[in-house]
Amino acid sequence: MDVLVLLLVVMTGVTTIVTVESRASRLDKRIRGLERRLDVLLDHWDLEAGSAAPADVAALARAGKDVAAIRKYREITGAGLREAKEAVDRMNR
């Protein structure tokens, strides 16, 4: 009886490990695909990864030209007015 319980526990553990590993592999593939798509978008908008906005928008914001910075941010990202204003305000902090 003890051998059967031990065998059942081992089989359950192996099945769980295989299932988790398979799922992790699928998620890895999805993440790689999303990263490729993100790279295409960043290249299209001439943005760097980790950068919230292009350098020219940040330069306009630092120069106190908030309206021009907001306009440029909206043009590049397609963001709405509120989102662009909030982004430029964050750059000014």
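The values are calculated or read from the model by the stated rules, or taken from the named source; none is laboratory data. None of the values given here were measured: they were computed from a predicted structure. For neighbour counting, all protein chains shown are included, and Cβ atoms are generated from backbone atoms with ideal geometry for every residue, glycine included. Areas reflect the complete protein model, heavy atoms only, side chains present, ligands, DNA and RNA absent. Shrake-Rupley method; radii C 1.70, N 1.55, O 1.52, S 1.80 Å.
Residues are listed down the side, and each one gets a yes or a no for (1) under 30 Å from V57 (Cα atoms); (2) surrounded by fewer than 10 Cβ atoms within 10 Å (Cβ to Cβ); (3) charged (D, E, K, R):
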{"residue": "M1", "(1), (2), (3)": "no, yes, no"}
{"residue": "V5", "(1), (2), (3)": "no, yes, no"}
{"residue": "V9", "(1), (2), (3)": "no, no, no"}
{"residue": "T15", "(1), (2), (3)": "no, no, no"}
{"residue": "L27", "(1), (2), (3)": "no, no, no"}
{"residue": "E35", "(1), (2), (3)": "yes, no, yes"}
{"residue": "W45", "(1), (2), (3)": "yes, no, no"}
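So is R23 at pLDDT below 85 and either open to solvent by 100 Å² or more (accessible area, probe 1.4 Å) or in contact with a Cys (Cβ under 7 Å, 6 or more places away or on another chain) (or both) or not? Spell out how you get there, then give the answer.
Working: at pLDDT below 85: no; either open to solvent by 100 Å² or more (accessible area, probe 1.4 Å) or in contact with a Cys (Cβ under 7 Å, 6 or more places away or on another chain) (or both): yes.
Judged against the criteria, R23 is not a match.
Yes or no, residue by residue, for (1) more than 22 Å from the chain's Cα centre (by Cα); (2) touching a residue at least 24 places away in the same chain (Cβ under 8 Å):
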{"residue": "D2", "(1), (2)": "yes, no"}
{"residue": "M11", "(1), (2)": "yes, no"}
{"residue": "V18", "(1), (2)": "yes, no"}
{"residue": "E35", "(1), (2)": "no, no"}
{"residue": "A63", "(1), (2)": "yes, no"}
{"residue": "V88", "(1), (2)": "no, yes"}
